[in-house]
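Engineer: Below you'll find the structure I mean.
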Amino acid sequence: RPSIIVAPSLLAADFSRLGEEIASIARAPWLHLDVMDGHFVPNISFGPPLIAALRRHTDAKFDVHLMIDPVDPYLEATAKAGADHITVHVENAPHLHRSLQTIRALGCRPGVAICPATPAVALSEVMDLVDIILVMTVNPGFGGQSFLDSQLSKIRTLAEMIRESGRDIILAVDGGIDPSTAPRVVEAGATMLVAGSAIFGKEDRDAAIRALEGPFVE
Ligand code: DX5
Ligand code: ZN
């Protein structure tokens with residue numbers, strides 16, 4: 001079994017004290033950053049200036065999830081702000097192939113996120129270009145929603161597509177991940193768990209991260 005990466009989602013943190021919040025999750029090697037525009041998704045969060053400010057306060061790698069339309073004009077600013085992964089949505093990237101190539105040319109690892117209503121086959125022609133596939137297990141826009149069981153079969157399908165590609169692609173899940181859903185998505189093939197409320201909603205952040213890692217992390 002591949003080792004599992006837990007990536008806390010900053011969306012659930014206390015925005016008035018982000019420096020301390022980030023320090024509290026130092027156990028996690030990745031930080032998931034949700035950029036929302038109030039247009040592609042019905043919520044507004046933060047953008048590249050905030051990511052750049054955080055970059056100076058942590059050694060964590062930045063997994064940036066762009067929920068914005070259009071997305072292409074902001075790829076360069078996101079890379080310059082310090083992103084390691086840049087993930088765009090298959091639903092709003094009309095030239096997805098080009099967007100993924102642009103992300104790699106900017107020195108970041110390209111990812112594609114897929115909403116609950118979009119079938120796995122939407123990614124079939126970009127398997128050679130993606131390094132991360134992010135399966136939304138809630139409808140994007142808000143933290144604290146319930147995990148959608150219906151997405152488990154899509155996780156399995158994508159895990160199989162990844163095996164067939166022969167490439168080393170991270171299969172991430174985002175939304176409603178907690179200690180009860182984590183083992184189910186890992187069983188289905190997920191290798192990266194994004195979690196907001198299940199980590200920042202808990203007093204003891206180390207314990208919350210460990211509860212998601214389960215027995216899967218060496
Ligand atoms: C939702 C975001 C998620 C969100 C997950 O659109 O992409 O990253 O923070 O929050 P939880 O873990 O609380 O469901
Ligand atoms: Zn996200």
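Engineer: In the range 93-142, which residues are part of a helix (DSSP H, G or I) and of a type in the set (D, E, K, R)?
Structural biologist: We begin by selecting, within the range 93-142, every residue part of a helix (DSSP H, G or I); these are 96-105, 120-126.
Residues satisfying the conditions are 98, 104, 125.
Engineer: Which of the residues spanning the range 187-196 are buried (at least 19 other Cβ atoms within 10 Å of the Cβ), at negative phi and either out of contact with any Lys or Arg (no Cβ under 8 Å at 6 or more places or on another chain) or not hydrophobic (A, V, I, L, M, F, W, C) (or both)? Break it down into steps so the answer makes sense when it comes.
Structural biologist: From the range 187-196, those buried (at least 19 other Cβ atoms within 10 Å of the Cβ) are 188-196; that's our starting set.
Those still in the list that are at negative phi too: 188, 190-196.
Within the range 187-196, 190, 191, 192, 193, 194, 195, 196 qualify.
Engineer: Identify, please: which residue in the range 162-180 is closer than 17 Å to residue 110 by Cα and in contact (Cβ under 8 Å) with a residue 40 or more places away in the chain and is, among those, nearest to ligand 2 (Cβ to nearest atom)?
Structural biologist: 174
Engineer: Considering only residues that are touching a helix residue (DSSP H, G or I) at 6+ places or on another chain (Cβ under 8 Å), touching a residue at least 40 places away in the same chain (Cβ under 8 Å) and of a type outside the set (A, V, I, L, M, F, W, C), which ones fall in the range 181-218?
Structural biologist: Within the range 181-218, 196, 197, 201, 205, 214 qualify.
Engineer: Right, next: Of 159, 211, which residue is part of a helix (DSSP H, G or I) and within 15 Å of ligand 1 (Cβ to nearest atom)? Let's see the steps before the verdict.
Structural biologist: Working: 159 fails: within 15 Å of ligand 1 (Cβ to nearest atom).
From the options 159, 211, the qualifying one is 211.
Engineer: Could you tell me whether residue 87 is modelled with pLDDT of 95 or more and assigned to a strand (DSSP E or B)?
Structural biologist: Numbers: modelled with pLDDT of 95 or more: yes; assigned to a strand (DSSP E or B): yes.
So residue 87 fits the description; yes.
Engineer: When only residues in the range 128-153 that are touching a strand residue (DSSP E or B) at 6+ places or on another chain (Cβ under 9 Å) and more than 16 Å from ligand 1 (Cβ to nearest atom) count, which is farthest from residue 84 (Cα to Cα)?
Structural biologist: Among those that are touching a strand residue (DSSP E or B) at 6+ places or on another chain (Cβ under 9 Å) and more than 16 Å from ligand 1 (Cβ to nearest atom), it is 129.
Engineer: Continuing with the same structure: Can you tell me which residue is farthest from residue 196 (Cα to Cα) among those in the range 10-57 that are of a type in the set (D, E, K, R) and assigned to a loop (DSSP other than H, G, I, E, B)?
Structural biologist: The first filter runs over the range 10-57 and keeps only residues of a type in the set (D, E, K, R), leaving 14, 17, 20-21, 27, 34, 37, 55-56.
Narrowing the set further to residues that are assigned to a loop (DSSP other than H, G, I, E, B) leaves 14, 27, 56.
Working: 14: 11, 27: 15, 56: 21 Å.
So, considering only residues that are of a type in the set (D, E, K, R) and assigned to a loop (DSSP other than H, G, I, E, B), the one farthest from residue 196 (Cα to Cα) is 56.
The values are calculated or read from the model by the stated rules, or taken from the named source; none is laboratory data. Everything quoted here is computed from the prediction, not taken from an experiment. Cβ atoms come from the backbone with ideal geometry, glycine included; neighbour counts cover every protein chain shown.
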